[in-house]
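Take a look at the structure below.
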Amino acid sequence: MNLIELIEQNTEYIIIGLAALSLLLLIIVIVLMIKQRILNKKYQKFMKGAKGKNLEETILKRFTEIDNLINDNISIHNKIDKINESLLTTIQKIGIVKYDAFMEMGGKLSFVLALLDQNNDGFILNSVHSSREGCYTYLKEIIKGESFLELSSDERSALDQAINYNTFME
């Protein structure tokens, strides 16, 4: 059987197949035309009121603004790093204890104030109130959470409060 006889015997099937293929291609063309029309509408809406040159200027202006924002962001981060570095040496931890220096006096007018930085360096300020002689203030240096001078129980308590003080930096 040769090819021509085969085609003549199956002509109906070939015609139906080609018709189905044509219908499928027609549907694809219609879908593509609809999508193209939607895309054209979006493009026209995007370009409405702006000429190509105006649009280019707007885009370039936005890129310049973005570059400026990036530079400002870098500058801000550098300043924040310097601030954080400076904060390590500032007073961040506080401990205070009020007490009666002498048993005959009430009101807890004496106090111990411990002020420390991030590394637990700082000082203890002890103010002893005596109504007869006035008020005496003592200062003791603190290095790495320790004093080279002997601390009273109230001073130790204030120092412990300061060392364990929860700061916003931690």
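Can you tell which of LEU60, LEU69 is surrounded by 10 or more Cβ atoms within 10 Å (Cβ to Cβ) and either among the acidic types (Asp, Glu) or at pLDDT below 95 (or both)? Don't jump to the end; show me each part of the working.
Values: LEU69 fails: either among the acidic types (Asp, Glu) or at pLDDT below 95 (or both).
None of the other options fit; the residue is LEU60.
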With the condition kept exactly as written, say whether any residue in the stretch 93-104 is surrounded by 15 or more Cβ atoms within 10 Å (Cβ to Cβ), modelled with pLDDT of 85 or more and within 25 Å of the chain's Cα centre (by Cα).
-> yes
Of the residues in the stretch 128-161, those that are aliphatic (A, V, I, L, M) and either touching a residue at least 40 places away in the same chain (Cβ under 8 Å) or over 11 Å from LEU113 (Cα atoms) (or both) come to VAL128, ILE142, ILE143, LEU149, LEU151, ALA158, LEU159
Positions within the stretch 125-142 being surrounded by fewer than 12 Cβ atoms within 10 Å (Cβ to Cβ), at pLDDT below 90 and not in a loop (DSSP other than H, G, I, E, B), in sequence order | GLY134
Of all residues in the stretch 1-21, count the ones that are at pLDDT 90 or above and loosely packed, with under 10 Cβ neighbours inside 10 Å.
-> 0
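The values are calculated or read from the model by the stated rules, or taken from the named source; none is laboratory data. These figures come from a predicted structure and were not determined experimentally. Every residue, glycine as well, gets a Cβ built from its backbone with ideal geometry; the counts of neighbours run over all protein chains shown.
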